[in-house]
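The values are calculated or read from the model by the stated rules, or taken from the named source; none is laboratory data. Please read these numbers as outputs of a predicted model, since none were measured by experiment. Because the Cβ atoms are built from the backbone with ideal geometry, glycine has one as well, and the counts that use them run over all protein chains shown.
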C-alpha cells in the first residue's frame, strides 16, 4: 500500500486568537453603542431641562412653601422643648455619618421631623424615635438602597430603648401624618444649584454646608426657606474664607436677615458637627471657621472694627438659649402612640 500523502495540520491543535478577537470587537462595539446612547440621552435631557426649566423651578418653589415647617406650632408642644433639639440633631448627624448617607438625606430627615412636630403632639420619650423614623423615610426616599439603615442597627444606636416594631409603627405614623408627601427641595439642593451658577470652589461649598448644618440646631431657622438659607450660607462662607462676594441682583431683605442670624450662631457649634467638618474631606472648614472667629475676636479686643461679612460683627456673641449641649439624647422606654 502506497504511503499516504496526508500531512497533519499542525495548527489544528493550536488555540486560535480569532474567537477572543471577535469577542473583543463585539464588546467594543457594544461599548461604543452604549456611549452613543448615553450621549443622545444626555443631550435630550439637557434640551428637555432647558425647555421645562421654568416649570421645574416653579414646581420646586411651590414644594418649598408647602413643605416648610412652622416653628410657632412646634412652640406649642407640651413636652418637647427647644433645649432638647441639639441632643437629637447630634444623634442624627452621627447616625447619618455612620451609614454614609447622602448630604441631602440629613436635611430631609430634619425637615420630616419638624413637619411632623408641627402637626402632632410628641411625647419626650418618643422624640428620638420620631427622628429615627424620619431618617429611615429620608434614606429610603433618596439614598442608595444598600445604605438604608436597618432597624436593628438604629435600635443599637438607641441603646435598645425601643422594640423593633415601634420603629415601623412610628415610620407609618409619620408618613400618614404628612399624607405621604415626602418630597422637599433641601438646602443642599439649592446650595449646589447656586454654587454651580456662581462657580464657587469646593471649599466654599463645604463651608456653606457646615453653616447650614449648624443652623439645624436652632429654632431660628426651622421656618427659613432652603433657597434663602443657601444664598445666605454661601455668602457667609465666601466672607469667612476671604473669597469675593457675588452680586447676582437677587439679594433681598430675607437674605440679609438670615445672614445676620447665621453669623450670630457660629460661636458654639456642636462638638459632634465640628469634628465631622474637621476632616480633609470637608476641607477642614470647622477649623478655618474657628480660626476666623478667633481673629475677629482679637481685632475686636484691639478696638478695631472687624471686617463685616454682614451688618453685624461675627464676634458679637449674642445670648443663645439654643446653644448646643454636649450630651446625647436619652429617651425613656414607652410605646410610640402620638395624638
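Going residue by residue through segment 238-256, is there one that turns out to be under 19 Å from residue 133 (Cα atoms), part of a loop (DSSP other than H, G, I, E, B) and modelled with pLDDT under 95? No, segment 238-256 has no match at all. For first residues located in segment 136-161 and assigned by TED's automatic domain parsing to the domain that holds residue 92, partners that are in a helix (DSSP H, G or I) and exposed (fewer than 14 other Cβ atoms within 10 Å of the Cβ) and lie 6+ apart or on another chain with Cβ distances below 6 Å form the pairs 151/164. Number of residues in segment 124-136 that are over 25 Å from residue 210 (Cβ atoms) and buried (at least 24 other Cβ atoms within 10 Å of the Cβ) equals 4. Checked against (1) buried (at least 20 other Cβ atoms within 10 Å of the Cβ); (2) modelled with pLDDT under 95, residue 141 passes all but a single condition, namely (1).
From the list 267, 206, the one residue that fits, being in contact (Cβ under 8 Å) with a residue 40 or more places away in the chain, surrounded by 16 or more Cβ atoms within 10 Å (Cβ to Cβ) and not in a helix (DSSP H, G or I), is 267.
Looking only at residues of segment 160-179 that are more than 25 Å from the chain's Cα centre (by Cα) and not in a helix (DSSP H, G or I), we find that the one that is farthest from residue 116 (Cα to Cα) is 160. Quick check: anything in segment 105-123 farther than 21 Å from residue 219 by Cβ and either touching a strand residue (DSSP E or B) at 6+ places or on another chain (Cβ under 6 Å) or surrounded by fewer than 20 Cβ atoms within 10 Å (Cβ to Cβ) (or both)? No. When residue 96 is tested against the conditions (1) surrounded by fewer than 17 Cβ atoms within 10 Å (Cβ to Cβ); (2) in the same structural domain as residue 159 (by TED's automatic domain parsing); (3) within 18 Å of the chain's Cα centre (by Cα), the lone failure is (1). Under the condition of being in a helix (DSSP H, G or I) and either more than 20 Å from the chain's Cα centre (by Cα) or at pLDDT below 90 (or both), the residues counted in segment 118-128 number 6.
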